[in-house]
Amino acid sequence: MEEIKVALIRMEGTNCEEESFYAFKELGVKPEYVHVKELETGKRKIFDYDGIFIPGGFSAGDYVRAGAIFAARLKAAIMDDLKRYIEDGYPIMGICNGFQVLIELGILPALNGISDEPEACLAANDSNKFECRPTFIRHEGNSRITRNVPVGKIGIIPCAHAEGKLMFKNEEYAEEAEKLVVFRYVDEKGNLAGYPWNPNGSYKNIAGISNPDGNILGMMPHPERAFHPWQGLYGRPDGREIFEGFIDYIKRR
């Protein structure tokens, strides 16, 4: 376990990387902070790591669009390596702003392969305000990273975002993307429901999606904020098993 290295890629404006760092560390692997500038200069290489984690926050102040500048810097510096990394089956997980970065990179949903431009977006919440609260999310499967989570399980994981409304480029593409859904927002009984259960108005209550190969996971709720029993609502650390699933996937490789 101590030989497994996970890169937490960050830049100005990211946050939650410290909680994520200690979540990985508690599970026995070796997390390392990697600034995007270190990738740009070649000081660090993504193939030195068994997995990549992109945390939440407001990278570059979310100017242009949420995650757009972070994604542009990664695309300019390491896009060819990222494509090979993904094709070789390495896992990548993006949480909140990290999810927005993966969308901007064209890595998700990537129904027909990695796209040169975004095929979806995470738009402003329908409430037009920052939403920060526990959310119920139902696990739909469709990810090799979350194989350890029972399909249909309802977890409680907090959200904290202003731009989390997942939208696709057209209805046909959205229908195809249904097979990639990993988590959906639900009410306490597990049923699809509107606001406030769906905090942002996301298409068909989607809270997280995968790529077709199942080794990339993007989600808006923050599992690092529900890792310990004292964090989780009703003492439920439902975020922990998502980190465990990420590591289990690396071990299976």
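Here are some residues: Gly42, Gly28, Gly89. Which one is under 24 Å from Ala226 (Cα atoms), modelled with pLDDT of 95 or more and either surrounded by fewer than 16 Cβ atoms within 10 Å (Cβ to Cβ) or out of contact with any strand residue (DSSP E or B) (no Cβ under 8 Å at 6 or more places or on another chain) (or both)?
After applying the criteria, what remains is Gly28.
Hey, any hits in the stretch 8-21 for a residue that's hydroxyl-bearing (Ser, Thr, Tyr), buried (at least 18 other Cβ atoms within 10 Å of the Cβ) and in contact with a helix residue (DSSP H, G or I) (Cβ under 7 Å, 6 or more places away or on another chain)? Show your work before the answer.
First, the residues of the stretch 8-21 that are hydroxyl-bearing (Ser, Thr, Tyr): 14, 20.
In the following step, the residues that additionally are buried (at least 18 other Cβ atoms within 10 Å of the Cβ) were identified as 14, 20.
Now drop any that are not in contact with a helix residue (DSSP H, G or I) (Cβ under 7 Å, 6 or more places away or on another chain), which leaves 14, 20.
Yes, the stretch 8-21 contains at least one residue that is hydroxyl-bearing (Ser, Thr, Tyr), buried (at least 18 other Cβ atoms within 10 Å of the Cβ) and in contact with a helix residue (DSSP H, G or I) (Cβ under 7 Å, 6 or more places away or on another chain).
Keeping to the stretch 203-225, report how many residues are without any contact (Cβ under 8 Å) to a residue 40 or more places away in the chain and in contact with a Leu (Cβ under 7 Å, 6 or more places away or on another chain). If you could, list the steps in order and put the result at the bottom.
If we filter the stretch 203-225 for residues that are without any contact (Cβ under 8 Å) to a residue 40 or more places away in the chain, which is where we start, we get 203-205.
If we keep only those that are in contact with a Leu (Cβ under 7 Å, 6 or more places away or on another chain) as well, we get 203, 205.
Total meeting the criteria: 2.
Can you find, within the stretch 235-245, the residue that is surrounded by the most Cβ atoms within 10 Å (Cβ to Cβ) among those that are touching a residue at least 60 places away in the same chain (Cβ under 8 Å) and among the small types (Gly, Ala, Ser)?
Ranking the candidates gives Gly239 first.
Run Tyr63 past the list (1) aromatic (Phe, Trp, Tyr); (2) over 20 Å from Ile247 (Cα atoms); (3) in contact (Cβ under 8 Å) with a residue 24 or more places away in the chain and report the number of the one that doesn't hold.
For Tyr63, the failing item is (3).
With Leu180, Leu105 as the choices, which residue is within 20 Å of Ala60 (Cα to Cα), of a type outside the set (Phe, Trp, Tyr) and in contact (Cβ under 8 Å) with a residue 12 or more places away in the chain?
The unique qualifying residue is Leu105.
Scanning the stretch 45-56 for residues that are without any contact (Cβ under 8 Å) to a residue 60 or more places away in the chain and touching a strand residue (DSSP E or B) at 6+ places or on another chain (Cβ under 6 Å), which turns out surrounded by the most Cβ atoms within 10 Å (Cβ to Cβ)?
This residue is Ile54.
Which residues, taken from the stretch 117-165, are in contact with a helix residue (DSSP H, G or I) (Cβ under 6 Å, 6 or more places away or on another chain) and free of Cβ contacts under 8 Å to residues at least 60 places away in the same chain?
Listed by number, the residues that qualify are Pro118, Ala120.
Specify which of the listed residues (Gly232, Gly194) is within 20 Å of the chain's Cα centre (by Cα) and either surrounded by 15 or more Cβ atoms within 10 Å (Cβ to Cβ) or modelled with pLDDT of 95 or more (or both).
Gly232
Quickly run through the stretch 2-36 and pick out the residues that are under 15 Å from Gly239 (Cα atoms), in contact with a Gly (Cβ under 9 Å, 6 or more places away or on another chain) and among the aliphatic types (A, V, I, L, M).
Residue satisfying the conditions is Ala23 alone.
Considering only the stretch 162-175, I want to know if a residue exists there that is touching a Lys or Arg at 6+ places or on another chain (Cβ under 6 Å) and surrounded by 20 or more Cβ atoms within 10 Å (Cβ to Cβ).
No, every residue in the stretch 162-175 fails to be touching a Lys or Arg at 6+ places or on another chain (Cβ under 6 Å) and surrounded by 20 or more Cβ atoms within 10 Å (Cβ to Cβ).
State yes or no: is Cys121 surrounded by fewer than 24 Cβ atoms within 10 Å (Cβ to Cβ) and either of a type outside the set (S, T, N, Q) or farther than 18 Å from Arg144 by Cβ (or both)?
In short, yes.
Can you tell me which residue within the stretch 57-86, out of those that are among the hydroxyl-bearing types (Ser, Thr, Tyr) and surrounded by 17 or more Cβ atoms within 10 Å (Cβ to Cβ), is farthest from Arg252 (Cα to Cα)?
Ser59
The values are calculated or read from the model by the stated rules, or taken from the named source; none is laboratory data. Computed from a prediction, not measured in an experiment: that's the story for all the values here. So basically every Cβ, Gly included, is an ideal-geometry build from the backbone, and we count neighbours across all protein chains shown.
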